[in-house]
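Please read the structure below before turning to the comments.
The values are calculated or read from the model by the stated rules, or taken from the named source; none is laboratory data. It should be emphasised that the depicted structure is a prediction, and the values quoted were computed from it without experimental measurement. Glycine also receives a Cβ, built like all others from the backbone with ideal geometry; neighbour counts cover every protein chain displayed.
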């Protein structure tokens, strides 16, 4: 988790992340039901309706520095949930703590 604070993305890595996020956004809003749910979520978050149409421009404006800054903030607040056989999870945690 410590490496999140010093995350450095190449231009290519940043482009891939933006592309994946853009595709995921498009996939989430492909049906009328999904779009309606998105609009309701906007209203509940007190965001303007045109928030969706401005998303591509906001996504394009994200810089590698923005990602590093937010990643550094997440490092301080991240919570991990581990599930599985307690013996296996314990062994894996001990191995990564070294």
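Take the residues in the range 45-98 that are under 20 Å from residue 9 (Cβ atoms) and not in a helix (DSSP H, G or I); name whichever of them is modelled with the lowest pLDDT.
Per the criteria, the residue is 78.
Could you list, in sequence order, all residues of the range 4-41 that are surrounded by 13 or more Cβ atoms within 10 Å (Cβ to Cβ), in contact (Cβ under 8 Å) with a residue 60 or more places away in the chain and over 15 Å from the mean Cα position of the chain (by Cα)?
The one that is surrounded by 13 or more Cβ atoms within 10 Å (Cβ to Cβ), in contact (Cβ under 8 Å) with a residue 60 or more places away in the chain and over 15 Å from the mean Cα position of the chain (by Cα): 5.
This table checks each residue for (1) touching a residue at least 24 places away in the same chain (Cβ under 8 Å); (2) touching a strand residue (DSSP E or B) at 6+ places or on another chain (Cβ under 8 Å); (3) surrounded by 10 or more Cβ atoms within 10 Å (Cβ to Cβ).
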position	(1), (2), (3)
43	no, no, yes
46	no, no, no
51	no, no, yes
56	yes, no, yes
59	yes, no, yes
62	yes, no, yes
72	yes, no, yes
96	no, no, no
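When only residues in the range 74-94 that are free of Cβ contacts under 8 Å to residues at least 12 places away in the same chain and surrounded by 10 or more Cβ atoms within 10 Å (Cβ to Cβ) count, which is nearest to residue 37 (Cα to Cα)? Even if it seems obvious, please write down each step before you answer.
First, the residues of the range 74-94 that are free of Cβ contacts under 8 Å to residues at least 12 places away in the same chain: 76-77, 79-94.
Restricting the remaining residues to those that are surrounded by 10 or more Cβ atoms within 10 Å (Cβ to Cβ) gives 82, 88-93.
Values: 82: 30, 88: 40, 89: 37, 90: 40, 91: 42, 92: 40, 93: 39 Å.
Only one residue tops the list, namely 82.
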